[in-house]
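Structure first, commentary second.
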């Protein structure tokens with residue numbers, strides 16, 4: 001588990017990568033990620049799993065990936081109870097914690113919502129569980145591939161600036177603005193960032209601004225980034241829920 005400065009640094013460095021090398025994840029790094037996921041699962045009620053060496057089952061030859069993912073051998077399966085109303089938000093929040101820890105280790109990652117063979121993951125599920133998305137993880141070349149650069153250029157057309165991500169009534173403290181700056185670095189589906197953070201009467205709340213299948217995953221990721229940028233605190237679960245600063 002990282003210290004605050006490590007998470008901040010990882011937020012700045014993290015970027016989505018889609019072409020992976022054959023280099024395996026070292027045992028000590030895999031063990032650290034297994035330990036973190038077990039801890040977060042106990043806290044959240046999720047069942048996140050780091051799967052090593054079989055990522056090809058999800059991506060190789062799968063027509064819906066359109067060749068966007070190459071060489072994926074490992075992934076994190078985001079699994080939760082189908083009857084947990086906060087499941088997707090928790091997957092975003094705790095899944096992104098694993099992503100930032102992996103980034104700190106020098107590993108690359110990419111959130112994947114649809115471009116993989118979901119049926120290949122059925123064997124990972126216990127009764128009553130569902131898998132909502134995965135995170136590709138592993139090593140990549142320093143230089144981004146042509147296809148990666150194409151995707152990144154398209155993504156840059158989306159995204160939002162600080163003013164678009166927050167609504168402020170009165171004068172917000174610096175820690176709130178630092179939190180929003182971290183939110184601006186959060187990954188989201190198609191880089192739409194379908195959320196807004198509000199400061200009103202000394203309270204912070206986070207709200208979705210669009211309806212989409214996995215919008216609560218995006219909100220969970222953004223809440224974690226805000227919490228880190230703000231210097232610590234705790235979120236309630238749910239759309240429109242409040243932040244409690246430590």
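The values are calculated or read from the model by the stated rules, or taken from the named source; none is laboratory data. The model shown is predicted, which means the values in this text are computed figures rather than measured ones. Note that we place each Cβ from the backbone using ideal geometry, even for glycine, and neighbour counts take in every protein chain shown.
To keep it simple, each residue is scored yes or no on (1) surrounded by fewer than 16 Cβ atoms within 10 Å (Cβ to Cβ); (2) touching a strand residue (DSSP E or B) at 6+ places or on another chain (Cβ under 7 Å).
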residue	(1), (2)
4	yes, no
30	no, yes
33	no, yes
36	no, no
57	no, no
73	no, yes
84	no, no
94	no, no
99	no, yes
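From the set of residues in region 176-207 that are outside any strand (DSSP E or B) and surrounded by fewer than 15 Cβ atoms within 10 Å (Cβ to Cβ), which is modelled with the lowest pLDDT? Talk me through it step by step, then tell me what you get.
Applying the first criterion (outside any strand (DSSP E or B)) to region 176-207 yields 176-194, 201-202.
Filter once more, keeping what is surrounded by fewer than 15 Cβ atoms within 10 Å (Cβ to Cβ): 190, 201-202.
On the way: 190: 87, 201: 95, 202: 95.
It comes out as 190.
Exactly one residue among 11, 25 is out of contact with any helix residue (DSSP H, G or I) (no Cβ under 7 Å at 6 or more places or on another chain), buried (at least 17 other Cβ atoms within 10 Å of the Cβ) and either in contact (Cβ under 8 Å) with a residue 60 or more places away in the chain or in the same structural domain as residue 121 (by TED's automatic domain parsing) (or both), and that residue is 25. Has region 75-84 got at least one residue that is within 20 Å of residue 217 (Cβ to Cβ), without any contact (Cβ under 8 Å) to a residue 60 or more places away in the chain and out of contact with any helix residue (DSSP H, G or I) (no Cβ under 8 Å at 6 or more places or on another chain)? Yes, region 75-84 has at least one match. Restricted to region 208-231, and to residues there that are surrounded by fewer than 16 Cβ atoms within 10 Å (Cβ to Cβ) and at pLDDT 95 or above, the residue that is farthest from residue 113 (Cα to Cα) is 231. Of the residues making up region 39-51, at least one is part of a strand (DSSP E or B), in the same structural domain as residue 137 (by TED's automatic domain parsing), in contact (Cβ under 8 Å) with a residue 12 or more places away in the chain and under 24 Å from residue 228 (Cα atoms).
Could you please find all residues in region 233-246 being surrounded by fewer than 18 Cβ atoms within 10 Å (Cβ to Cβ) and modelled with pLDDT of 95 or more? If you could, list the steps in order and put the result at the bottom.
Keep residues of region 233-246 that are surrounded by fewer than 18 Cβ atoms within 10 Å (Cβ to Cβ), which gives 233-234, 236-242, 244-246.
Result: 233, 234, 236, 237, 238, 239, 240, 241, 242, 244.
For residue 140, state whether it is in a loop (DSSP other than H, G, I, E, B) and within 15 Å of the chain's Cα centre (by Cα). No.
Selection of first residues in region 117-132 that are farther than 14 Å from residue 50 by Cα and in the same structural domain as residue 60 (by TED's automatic domain parsing) and of second residues that are modelled with pLDDT of 95 or more and part of a helix (DSSP H, G or I), restricted to Cβ pairs under 9 Å at least 6 apart or on distinct chains, gives the following pairs, ordered by first then second residue: 130/87; 132/87; 132/88; 132/91; 132/217.
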